[in-house]
1. For the protein assembly as shown, how many pairs of lysine residues have a Cα-Cα distance under 22 Å, where the two are 8 or more positions apart or belong to different chains?
2. Using Cα pairs closer than 8 Å and at least 6 residues apart in sequence, work out the relative contact order for segment A:86-196, in percent.
3. Considering only protein heavy atoms and a 1.4 Å probe, what is the carbon-and-sulfur percentage of the accessible area of chain B?
4. Kirkwood-based Rg over Rh for segment A:86-196 (C-alpha set), two decimals?
5. Kindly give Rg over Rh for chain A, based on alpha-carbon atoms, with the Kirkwood expression for the hydrodynamic radius.
6. State, to one decimal in nm, how far the label point of residue A:58 lies from the label point of residue B:48, with both points 7 Å from Cα in the Cβ direction.
7. If the label for residue B:83 sits 7 angstrom from Cα along the Cα-to-Cβ line, what are its distances to the same label in every other copy, in nm to one decimal, shortest first?
8. Averaged over B:172-181, how many beta carbons belonging to a partner chain fall within 10 Å of each residue's beta carbon?
Protein chains: 2
Amino acid sequence: MKTEAVDGTAGDRPRRTSEATKAAILAAARSRFAEQGYERTTIRGVAADAGIDASMVMRYFGSKEQLFEAALAIDLHLPDVRDVPPDRVPALFIRHFLDRWEGDPTDDALLVLLRSAVTNDQAAARMRDIFARQVAPAVAAALPPGPDAPARAALVSAQLLGLALTRYLLRLPPALALTPEQIEELYAPALTAVLTSR
Amino acid sequence: MKTEAVDGTAGDRPRRTSEATKAAILAAARSRFAEQGYERTTIRGVAADAGIDASMVMRYFGSKEQLFEAALAIDLHLPDVRDVPPDRVPALFIRHFLDRWEGDPTDDALLVLLRSAVTNDQAAARMRDIFARQVAPAVAAALPPGPDAPARAALVSAQLLGLALTRYLLRLPPALALTPEQIEELYAPALTAVLTSR
DNA sequence: TCACGATGTCAACAGACGTTGGCCAACAAC
DNA sequence: GTTGTTGGCCAACGTCTGTTGACATCGTGA
């Protein structure tokens, strides 16, 4: 029944398994989408990075749009802050956010999402979905319940996404010059203000 | 020497003056770049909006890239806050920023710039230039001089651009639901925090 | 009247793109 | 060995793109 190797390590490599190729394509796609956005990324380019022919990309993912869709899968792994002292929450969010952006240089997922969401409706919709399912609940857990909780969550998101925008996309020199510690120190009071004002 | 009409108003209009055509092209280009970004905007599309042939766009602007460059010219008209009481500055910045984005629906300049700057290096460079020449000095005028003034200016920019990002680009529902007054109320303390912390 | 410059159209090129279908070679099962 | 399946390449399609150059039209000044 099964055709894949039993030991999973593929001792001598006669040919690549389709799963490995699919993963290679996806990794190449993420990298290209992250650096060039949706429009300037070409299937031929992705295929070249993955060391195969462009038609293989079509076979495995159906179309460029479906490949893009597959590249957008993201779990932010936001921390649960229900048991964190309120005055520590902003710094924790900032630290987690920077870690997610700078921790693993091979993980371009957030860059793909943000860069694409600005010009691509499909990616923007995905972003709204991630906000509603992951960000808003996580921020709400740090707030006294109230009717303006979603608004505060949105403004905290604006602050963090604005940070990513100026630092990783626009690369404003002063934003690049800051260390994560300095950002935490200067920016945490601003998050606190949004979370606690009134 | 001069071939243009003396009275400048072109009383009866035999044909369009080149200046009018250039302006029509530029307006069409701004609108398309704002809505679709650089890559998906086509010269043929811009020309159609302006009611002329694509080759005219080339004649007047040389290339798509130069047309784009021309569409990026922006003056933020930031207020001078040197004589404004410090506790009023954040609300003033927010108000001015929202006015600039929502005041004139035919003025897409900021949308062009932000949407393009995320995927286009040329636009990102322009953004850095605008930050350095217009934003940083304006914010610095609201601060006691110090070595971290540029960093604070960058973080203020991050907050305002993040607001534009979530509200006008990503269109997060809670960010869209807020009135300018509510934004001012909820967000001004956050700007204050960045400007005055420590 | 005639020529000329300015405004504009039209047709085409050359390259890149997403996508398709046919073919090949290696492996597994019988 | 034969056969079917799997991973992969190749050539081509139709379309769209930026860009170019030849040609038309019209108002104006000599």
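1. Eligible lysine pairs with Cα atoms under 22 Å apart amount to 4.
2. After rounding, I find 35 percent.
3. Solvent-exposed carbon and sulfur of chain B make up 53 percent of the total.
4. Ratio of gyration radius to Kirkwood radius for segment A:86-196: 0.96.
5. Checking Rg against Rh, the ratio lands at 1.06.
6. It is 2.6 nm.
7. Nearest first, the other copies' label points are 5.8 nm away.
8. What the average comes to for B:172-181 is 5.
The values are calculated or read from the model by the stated rules, or taken from the named source; none is laboratory data. None of these values were measured; they are calculated from a predicted model. Because the Cβ atoms are built from the backbone with ideal geometry, glycine has one as well, and the counts that use them run over all protein chains shown. Surface areas here come from the heavy atoms of the whole protein model, side chains and all, with no ligands, DNA or RNA. Shrake-Rupley method; radii C 1.70, N 1.55, O 1.52, S 1.80 Å.
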